[in-house]
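Enquirer: Submitted below is the structure of interest, expressed as structure tokens.
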Amino acid sequence: MTNERPPTIDPQAAQRWAAQLPQTSAWLHEEVARRMEQRLQWLVQKPTRWLHWEPLQGGLQAQQLLARRYPKSACYVLQQQAPQQQELRQRLDTAWWQPAHWTGPQLKFEAPTEPVQMLWANMALHMAADPQALIARWHAALEVQGFLMFSCFGPDTLLQLRRLYAALGWPPPCHEFTDMHDWGDMLVHAGFEAPVMDMERITLSYSSPETLLEELRGLGRNLHPQRFAGLRGRQWRARLQEALQRELQDPQQPGRLQLTFEIVYGHAFKSAPRHSVSAQSVIPLADMRAALAQGKGAGRTT
């Protein structure tokens with residue numbers, strides 16, 4: 001496993017997306033979080049401290065689900081950008097006179113000062129310019145035998161749209177998404193133990209090209225270095241909408257459009273540090289001769 005960054009992600013574009021202040025969490029992100037939260041029922045370990053990574057993008061409704069599942073656990077909620085962290089506090093902080101302030105889990109709007117037992121990261125990894133560095137940060141935030149829960153887009157995401165752009169001779173509409181087996185390799189390389197990876201395909205149906213494009217704007221941005229270099233005009237937009245209406249027809253629901261999203265789920269435990277043991281020992285020749293001499297002496301009788 002190398003430390004190379006994804007070749008189809010423009011780091012500056014990824015940084016601009018990370019600085020966005022979303023008004024609401026994307027519907028699809030909330031749905032993926034809901035499905036991932038259900039998987040926690042199979043994990044016996046209940047964290048006493050856990051970290052919610054960038055919930056503004058990943059889903060604020062998921063925060064409520066997790067708080068109900070772990071009502072006695074301290075929770076850290078963390079955004080990477082200061083304006084986002086401030087917005088997160090305004091949306092989640094409960095006034096002292098409300099019952100939830102006294103009965104709900106303890107929220108800390110800061111990076112944890114000690115390792116946590118669970119790190120929750122929903123729909124973040126596929127937008128990272130340096131995913132291996134991000135995985136390493138997650139690993140460092142966990143205590144030994146703590147576990148990571150994450151989700152992201154897989155390689156079949158937007159398959160219909162990518163075929164449409166290719167047929168029209170346009171640059172790619174999105175960057176490439178990583179296969180779940182490669183994510184598993186990166187987790188092992190970072191020090192996680194026996195990662196469990198899974199995927200599913202979700203097909204969404206839209207009433208019009210406008211609603212489809214609006215959905216995509218809330219899910220992310222095209223980070224491909226070879227994307228369109230500048231803004232397109234109204235004629236291009238009209239051509240795109242016409243092509244979407246023609247090529248993305250839902251065979252089960254005439255008049256509606258469909259898009260496929262591949263969702264990758266993963267969880268892994270942080271293993272204990274491995275201490276390397278040398279496969280061979282080096283003994284000085286003089287010491288070996290002395291040991292042999294002692295052995296011969298011990299076998300003599302008087």
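None of the figures in this text is laboratory data; all of them are computed from the coordinates on show. Quick caveat: nothing in here was measured; it's all calculated off a predicted structure. Every residue, glycine among them, receives a Cβ derived from its backbone with ideal geometry; neighbour counts consider all protein chains shown.
Enquirer: How many percent of Cα pairs in region 124-280 exceed 22 Å? Kindly include the intermediate steps, with their values, before the conclusion.
Expert: Details: 6366 of 12246 pairs.
Looking at region 124-280, the distances longer than 22 Å represent 52 percent of pairs.
Enquirer: Would you tally the net charge around ALA129, using a Cβ to Cβ cut-off of less than 10 Å, leaving ALA129 out, and scoring K and R as +1, D and E as -1?
Expert: Here the count lands on -1.
Enquirer: Tell me, what is the percent relative contact order of the chain, built from C-alpha pairs under 8 Å that lie six or more residues apart?
Expert: Numbers: 466 pairs, mean separation 63.3, N = 302.
In percent, rounded to a whole number, it is 21.
Enquirer: Net charge around MET186, counting only other residues with Cβ within less than 13 Å of its Cβ (Lys, Arg = +1; Asp, Glu = -1)? If you can, show how the numbers build up before the last one.
Expert: Details: positive: ARG5, ARG137; negative: GLU4, ASP130, ASP179, ASP182, ASP185.
For residues surrounding MET186, the net value is -3.
Enquirer: Which of TRP183, TRP17 comes first, and how do the rest follow, when ranked by fewest Cβ neighbours within 10 Å? Mind dumping the intermediate values first?
Expert: Values: TRP183 21, TRP17 16.
Taking fewest neighbouring Cβ atoms as first place, the list is TRP17, TRP183.
Enquirer: Based only on Cα atoms, what mean projected area does the convex hull of the chain have, in nm²?
Expert: Numbers: hull surface 104.4 nm².
The directionally averaged projection comes out at 26.1 nm².
Enquirer: Arrange the following residues from fewest to most other Cβ atoms within 10 Å of their Cβ: LYS72, LYS108, LYS270.
Expert: Values: LYS72 8, LYS108 15, LYS270 24.
Ordered from fewest to most neighbouring Cβ atoms within 10 Å, LYS72, LYS108, LYS270 come out as LYS72, LYS108, LYS270.
Enquirer: Summing +1 for each Lys or Arg and -1 for each Asp or Glu, what net charge is found among the other residues whose Cβ lies under 13 Å from the Cβ of ARG39? Walk me through the intermediate numbers first.
Expert: Values: positive: ARG34, ARG35, ARG69; negative: GLU37, ASP198, GLU200.
Net charge in that neighbourhood comes out at 0.
Enquirer: Points 7 angstrom from Cα along the Cβ direction at TRP17 and ALA166: gap in nanometres?
Expert: For TRP17 paired with ALA166, the spin-label model returns 2.0 nm.
Enquirer: Sorting check: for 147-159, 247-259, which peptide has the highest mean count of neighbouring beta carbons within 10 Å, and how do the rest follow?
Expert: Numbers: 147-159: 21.4, 247-259: 13.8.
Most protected by this proxy first, the peptides run 147-159, 247-259.
Enquirer: Follow-up question, since we're still on this one. Based only on other Cβ atoms within 10 Å, what is the fewest-to-most ordering of ASP130, ASP93?
Expert: Working: ASP130 16, ASP93 12.
Taking fewest neighbouring Cβ atoms as first place, the list is ASP93, ASP130.
Enquirer: In addition: Report the full-extension gain for the segment THR260 to ASP185: residue separation times 0.36 nm, less the Cα-Cα distance, to one decimal in nm. Mind showing how you got there, number by number?
Expert: Working: separation 75, 0.36 × 75 = 27.00 nm, distance 2.52 nm.
Between THR260 and ASP185, full extension yields an extra 24.5 nm.
Enquirer: Please count, across the chain, the pairs of lysine residues with Cα atoms under 21 Å apart that sit 8 or more places apart or on different chains. Working shown, then result.
Expert: Working: LYS46/LYS72; LYS46/LYS108; LYS46/LYS270; LYS72/LYS108.
Close lysine pairs under the 21 Å cut-off: 4.
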